[in-house]
Every structure is written in C-alpha cells, then in structure tokens.
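Asks: Okay, here's the structure, questions in a sec.
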Amino acid sequence: MQTRNLTCIGCPMGCALTVEYTPGDKDSIKVTGYTCQRGLKYAIDEVTNPTRTVTGTIRVSNRKNLVVSVKTKDPIPKDKIDAVAEKLKEISVKAPTKIGDVALSNIENTGVDLVITKNID
Amino acid sequence: MKTKIAIIGGGPAGLAAAIEAYDKGVKDVVILERDSLLGGILNQCIHNGFGLHTFKEELTGPEYAQRFIDKVKERNIQCLLETIVIDISDKKVITAMSKERGIFTIEAEAIVLAMGCRERPRGALNTPGYRPAGIYSAGTAQRYVNIEGKMPGHKVVILGSGDIGLIMARRMTLEGAKVEAVAELMPYSGGLKRNIVQCLDDFGIPLKLSTTVIDIDGKDRVTSVTLAKVDEKMQPIPGTEEKIECDTLLLSCGLLPENELSSQMGVDLSPVTGGAKVDESLETSIDGVFACGNVLHVHDLVDYVSKEASEAGRHAAEYVLGNKTKRSEEVVNISTGNGVRYTVPVCVRKDRLEDLLTIRFRVGNVYKNPEICVYLGDKCIQRRKKQICAPGEMEQVILKKADILADDGAKEIKIAIETN
C-alpha cells in the first residue's frame, strides 16, 4: 500500500487529494478529499498513467540567435519528460518552418511525434 | 495618411479587434505594431494551454497567435510593423515612427487601444541589496530562452508566483538550470493551480508562501539572495532569514497595463487597474477611442482577451459606420461592493445597452463558497453561488438589458461578494 498527496488541477479550489493504492492494482485505489468527479478522475490518472504535453525549443541551424518552439503532439508519460527535454538539445531544423511540421517522429519511443509550433520565414 | 480605424498594438487584442472591425464592414483598418512580427507576447509563450475556450483545444502561444494572424492576412488588413506610436492627440491624430517612413501621422476616425501590459520591474519593488547582473523579469528571461535560445543563468531563485514565474521555473529546469525556490509575498499564489502542480510540484521546486527577498548579494553577478518570512503586515520576521546561493533572480511580481499613450491623450484611467475607464461599449472617456485586452485590465486567459477585443472592434466599427447612439450624459455607474477590486466597464448608458451586458471583475482575496451578488439600486437582481473566487482568476457576470431597464430611476449597479 502506498499513499500519495496530490493537489487537484481541475479548478482554482485545488482540493487536497489523498490516494491510497497498491501499484499495479487498479481496484485497490482509494481517493479521499475530492469534491467533484473531476478530482476523482484526476487522482486515478495521476497514480495509474500520469501524462504531460512537453513544450520546448530546438535550434534553427541556418539562423543565428534563433530557436523554434516545439511540442509533443500528444501528452507523453510523465517519466519521459526528462529524456524528451534532453533530446531537444540534440536536434535542429532548418528555416523556414511551419506549424505542424514533424521535427522528430516517435520521440524517445513514446509513439508521439515532436511537432513545430511556430512559423519562421 | 488617413484611416477609418487605427489599432495600436498587434498582439492578441489588436488582432481580434481588427478582424471583427473588418467583418462588421469597415475595410479600412490599420494595425500599428512596434515589433517585427504580429502576435505580441504570445510568440514567447511556447507552453500549451491557450485556446481551450476559443478553439476547444490546447494550443501553444505561437499557434494561438497564428490562427488570428492568418485571419488578418486573409482579409488583407494593413499592418505597419516595426512602427512605434509615440503620440496620440485627443483629436485622434496618431504620430508614429518607423525606419522606412520616419515620423509620420495618421488621422483616424476611431482608435482601438491594444498595447498590452508590461512587467513590474525591480525598481518598482524596492528590493534591497546590490544591483549586479543576473536579475531579470521573468518575461525577459522567457524571451532569451524561448526566442533567442540563450540561458540567463543556471542557479535560479524566482520572486513572485504569478503564472509567468511558474512557467519559467519549469522552462529553466527543462533547459538544465536548478531552480532553488519560488518565493511569494502573499499567503497564496496568484498563479493557476495547474501551473503550481505541473511547473513546481512535478519538478520538486519548493513554493515558499509569505516569503520575500530581503537581500541580494554579488558585485558583478548575483551570488546569493536572502529570503525571509513576512508577517500579516508583510514585514520580514527576524530569525527566518534563509540565504540561497544562486546566479540569477527572476521577478514575476505582477503586470501593469501600458497606458502612457492613453494618459498623454487625456483618457481617464482607473487607479485600480491602471487601464482606461470604459463604458458598456468599451469606449473610453474620449469619443471614438476604445480599449481592450491587457491594456484595459490584466486578463488571466488570452481567450478572454480575444473575446473582449472582438467586442471593442465591433463597437469601433459601429461608431465609424454611424450606427452607434451618441453618448448621453445619463449613466448608470457600476460600483464595487465587498470583495470586488474593480469592474470593466465602470458605467453603462441605458440607451446603448445591448441584450446582454458582460461585466468583468476581479476579487481581492480568496473566498470559499461565496455568492456573487448584483444589486440595481437596493434590489438584488442576480445571485450566483461559486465554489471559490480567487484574485488570480477573472470573474464575470452577465446581465440582461431588461433587468437593468426594469428600474427607471436606478443610478447604480453594484457587484459584491457575500459569504455566510
């Protein structure tokens, strides 16, 4: 049995949630402290499959003093954030860039593409 | 040069105002923008979470801006870039300056003020200590990192827990810096819960509430800052000092509407928001001059900026097309009751009311289970329960024209927060 304390992000209330669970056993999850269904769902997601969209920048190889913004097209597992952030330092693109262009497919084997989020002429 | 509608600023507010003015039938619109590209501050806000209300999806800042820039381009709306407005007269003559044109004037029939806001600088904070390199406003650091790809420092303390500060705590961490702490003077954070969790908790960055910077050390470059707890009167408590070694201090201590142009031209400003006092049509004290977005009052979400700006664009178009009733002297003032810091608008003219009136406002404290109450004269005409109201979030009430006109003699609408 593990216990985790979370702050719900569903609204400005920021309910203090407590989750008791045995890792790997979905039925064991017991959430307290939530005041609406969003809180319950958030708590369960956070202890079973927490995900985040990662945003950052990569170098533009043919421009000086300019980087271009990127994001993971979909949320990726939270424990891959650091690996993805490190990967961004290694890669670059050439201008012009266009929103939605894939900068790197399947970044760090997440199954999610890294896409450009800014047009640079 | 002459134009029907001049829009000062090409950020989210200016773009939305221009599009709506054009769509309402005024094709002769010009946007004046001092930067070399449109989109304003959104260009450096590369995190996601923009546009949930407008587009029902989470976009990054540049993506959100591009949706509006595309619409401006489709309509061939004239944009003068790298053009800074240096003066506007009360007769709506704009003096601007650019490399290409030098100094020139534009006579406008209507003007939409959409200059946005800027960050409260160190000089306005009275922070003691040395003045070494390494002290930046959070937005300046954001520009260095997200546009130019330069790191302002490696060991960072952040003062102020507004959203930009929180976002930069995560951003600097992902770029390899160590963020030692975020200090917040108030006993609560002004940032969104989501940002506290995803920018601080996710990375184990401590948020120190009721804490401020009482000293900055370092002759050439910051070497440390000293934090201390504060009491209810915001005074540092002796014995709670904590010295943190770092090379960088980021300041995220509030935003101020940028209204030098407005005050030069004689627009009445609100001492609370720092923005113009506007009526139901977002029209300022000068006929035909409208204001919207962060230059009017600092917003929490860009979606609301776009919405407000598009209303301002529509009113400006109606003014130019002669479809707007001339302003009468008879006004109903909107006053701030318990817990309400300000309202936008500050007054309405009954003969210019549309079917629905949106009043936007902010509260001055955190209220749990409050009721937002609207009074017309002595009579309560609306009462709405909320789970929470917090200073970091904009609130609004929507009133029906019929409800406001119901009492002929009423001279005042009051918004108040009531708790049991």
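Asks: Given a Förster distance of 51 angstrom, what is the FRET efficiency for B:Asp408 paired with B:Ser36, based on the Cβ-Cβ distance and rounded to 0.05? Walk me through the numbers before you get to the answer.
Replies: Details: r = 54 Å, r/R0 = 1.06.
Once the sixth-power term is evaluated, E becomes 0.40.
Asks: Let me have the relative contact order for chain B, percent, based on Cα pairs under 8 Å that are six or more residues apart.
Replies: About 16 percent, as a whole number.
Asks: Moving on. What is the helix-to-structure angle for A:37-48, meaning the angle in degrees between its Cα long axis and the longest Cα principal axis of chain A, kept from 0 to 90 and rounded to the nearest 10?
Replies: For helix A:37-48, the angle is close to 70 degrees.
Asks: If contacts are Cα pairs under 8 angstrom and at least 6 residues apart, what is the relative contact order of region B:70-223 in percent? Walk me through the numbers before you get to the answer.
Replies: On the way: 205 pairs, mean separation 29.7, N = 154.
19 percent.
Asks: Now for a different question. Kindly give the semi-axes, whole Å and largest first, of the ellipsoid equivalent to region A:2-49, taking each as the square root of 5 times a Cα gyration tensor eigenvalue.
Replies: Square roots of five times the eigenvalues give 18, 10, 8 Å.
Asks: Given a Förster distance of 25 Å, report the FRET efficiency between A:Asp45 and A:Asp82 from their Cβ-Cβ distance, rounded to the nearest 0.05.
Replies: Values: r = 20 Å, r/R0 = 0.80.
Plugging the Cβ-Cβ distance into 1/(1 + (r/R0)^6) gives 0.80.
Asks: A further question follows. Mean projection of the alpha-carbon convex hull of region B:198-313 over all orientations, in nm²?
Replies: Numbers: hull surface 45.1 nm².
Taking the Cα atoms of region B:198-313, their convex hull projects to 11.3 nm² on average.
Asks: Now for a separate question. Any idea how far apart B:Arg131 and A:Val102 come out in nm if each label point goes 7 Å out from Cα toward Cβ?
Replies: According to this spin-label approximation, the distance is 5.3 nm.
Asks: Based only on the alpha carbon positions, what is the Kirkwood hydrodynamic radius of region A:55-116, in angstrom?
Replies: Computed over Cα pairs of region A:55-116, the Kirkwood hydrodynamic radius comes out at 11.7 Å.
Asks: Could I ask something else about it? Measuring from centroid to centroid over Cα atoms, what is the spacing of region B:349-377 and region B:14-59 in Å?
Replies: 27 Å
Asks: Let me know the Rg and Dmax you get for the protein assembly as shown when you use only its Cα atoms, in Å.
Replies: Cα only, the protein assembly as shown: 24.4, 74 Å (Rg, Dmax).
Asks: Another question, if that's okay. When the label point is put 7 Å from the Cα of B:Lys379 along its Cα-to-beta-carbon vector, which residues of region B:315-352 have a backbone N closer than 17 Å?
Replies: The answer is B:332-333, B:350, whose backbone nitrogens lie closer than 17 Å to the label point.
Asks: Relative contact order of chain A: what whole-number percent is it, with Cα pairs under 8 angstrom and at least 6 residues apart?
Replies: 18 percent
Asks: Divide by every residue of chain A the summed helix terms, -39500 (n - 2.57) for each DSSP H run of at least 4, and state the resulting mean residue ellipticity at 222 nm, rounded to the nearest 500 deg cm²/dmol.
Replies: Helix contribution divided over all residues of chain A: -5500 deg cm²/dmol.
Asks: Can you give the log10 of the normalised intensity I(q)/I(0) at q = 0.14, 0.20 Å⁻¹, computed with Debye over equal Cα scatterers of region B:305-377?
Replies: -0.58, -1.02
Asks: Pop a pseudo-label 7 angstrom from the Cα along the beta-carbon direction at both B:Lys178 and B:Met394 and give the gap in nm to one decimal.
Replies: 4.0 nm
Asks: If you take every DSSP beta bridge fully contained in the protein assembly as shown, what fraction is antiparallel? Give it as a percent rounded to 5.
Replies: Here the share of antiparallel DSSP bridges comes out near 70 percent.
Asks: In chain A, what cysteines have no partner Cβ closer than 4.7 Å?
Replies: Cys with no partner Cβ under 4.7 Å: A:Cys11, A:Cys36.
Asks: Could you put A:Tyr34, A:Tyr42 in order of accessible surface area, largest first, with the 1.4 Å probe and the full protein assembly present?
Replies: Most to least solvent-accessible, the answer reads A:Tyr34, A:Tyr42.
Asks: Could you derive backbone 3J(HN,Hα) for region B:82-87 from the dihedral phi with the Karplus parameters 6.51, -1.76 and 1.60 (θ = phi - 60°), listing whole Hz in sequence and x where the residue is Gly or Pro?
Replies: Per-residue couplings from phi come out as 6, 10, 10, 7, 10, 7 Hz.
Asks: Same structure, new question: What number does chain A give for Rg over Rh if you use C-alpha atoms and the Kirkwood radius?
Replies: 1.13
Asks: Right, next: Hey, can you list the residues from region A:1-23 whose accessible area shrinks by 50 Å² or more with all protein chains present, relative to the chain by itself (probe 1.4 Å, no ligands or nucleic acids)?
Replies: SASA drop of 50 Å² or more in region A:1-23: A:Ile9, A:Pro12, A:Met13.
The values are calculated or read from the model by the stated rules, or taken from the named source; none is laboratory data. This structure is a prediction, so every number in the text was calculated from the model and none was measured. Backbone-built Cβ (ideal geometry, glycine too); neighbour counts: all protein chains shown. Accessible surface areas use protein heavy atoms only, side chains included; no ligands, DNA or RNA. Shrake-Rupley method; radii C 1.70, N 1.55, O 1.52, S 1.80 Å.
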